[in-house]
Amino acid sequence: MSYWDILLRFGAAVLTGGAIGYERQAGHHPAGLRTHILVCIGSAMVALIECLLTGQVPAGNANVSMTLGRMSAQVISGIGFLGAGTIITTKRNIAGLTTAASLWAVACIGIAAGMGLYGLCMIGAGFTLVVLALIKRTIVGHVHKIVEVSFRHRKETLAFLNEYLAAQNIRVYSVDFRVEESTDGDNLYTNVYMLDLPRRVDVTAVILDIAEYVDVQKVRTRDP
């Protein structure tokens, strides 16, 4: 195997892993561009090592054997520890499973690139991008958002928030909270909501409506 062939295989790994990683990073997911590229390069390197070692085994030598695929199989099972790090579990919701699955898929794509199976590598990357980018936009469902609201006068503000969310048919998955003492002596309350919003609901309008309430000090939002 020439060095040009090795460079071509690494190039295919960087291209396909980078394309999938860019889609994840654009959506503000835990594992982004660099993580996916590194996983794909590492998988391609393992596949290349297998190919090179297999080629070095003398033909007809009964004392030496090399089974192609054993090292790659360890990549497929071992990538789970990295995927587990992208999964966030709360009381009623699990986020990050898609990103974990994309890392596993990128590892498989990297192995295909390292083996020199360029067609399989590109087709696999193409289908992965279709699943990640297109299917999400075509399936009608709900949007999950994490909304952090800081406010004063706990009783009145909570009543407003509960009534407003119910009126918008927004489901609350979970609520975390903290209490801080402000400089003027009043308590500052912060609730972190995991919300399930219908597609028809404008997230921006919801944030603006909450922010306009007199006792709300700050509103922040992010994807789960």
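Conditions first: (1) on the phi < 0 side of the Ramachandran plot; (2) surrounded by 13 or more Cβ atoms within 10 Å (Cβ to Cβ); (3) modelled with pLDDT of 85 or more. His153 passes all but one, so which condition is the exception?
(1)
Of all residues in the range 175-201, how many are open to solvent by 90 Å² or more (accessible area, probe 1.4 Å) and farther than 12 Å from Val149 by Cβ?
Total satisfying the criteria: 5.
With respect to Ala100, determine if the residue is open to solvent by less than 60 Å² (accessible area, probe 1.4 Å), assigned to a helix (DSSP H, G or I), at pLDDT below 85 and closer than 20 Å to Thr16 by Cα.
Answer is yes for this residue.
Using beta carbons and a limit of 8 Å, which pairs, at least six apart or on different chains, have the first residue in the range 16-40 and open to solvent by 10 Å² or more (accessible area, probe 1.4 Å) and part of a helix (DSSP H, G or I) and the second one of a type in the set (Val, Ile, Thr) and modelled with pLDDT under 80?
These pairs meet every condition: Val39/Ile79.
With the checklist (1) farther than 20 Å from Trp4 by Cβ; (2) out of contact with any Leu (no Cβ under 6 Å at 6 or more places or on another chain); (3) modelled with pLDDT under 85 in hand, flag the one item Ile49 doesn't pass.
(1)
What number of residues in the range 202-224 are surrounded by 10 or more Cβ atoms within 10 Å (Cβ to Cβ), polar (S, T, N, Q) and closer than 23 Å to His28 by Cβ?
Result for the range 202-224: 1.
Examine the range 2-13 for a residue that is at pLDDT 75 or above, surrounded by 20 or more Cβ atoms within 10 Å (Cβ to Cβ) and closer than 13 Å to Ala105 by Cα, and state whether such a residue exists.
Yes: one or more hits.
Consider Ile41 carefully, then state whether it is within 20 Å of Leu97 (Cβ to Cβ), at pLDDT 80 or above and of a type outside the set (Ser, Thr, Tyr).
The answer is no for Ile41.
The values are calculated or read from the model by the stated rules, or taken from the named source; none is laboratory data. All of these numbers come straight from a predicted model, not from anything done at the bench. No Cβ is skipped: glycine too gets one built from the backbone with ideal geometry, and neighbour counts run over all protein chains shown. Protein only, heavy atoms only, side chains kept; ligands, DNA and RNA dropped before computing areas. Shrake-Rupley method; radii C 1.70, N 1.55, O 1.52, S 1.80 Å.
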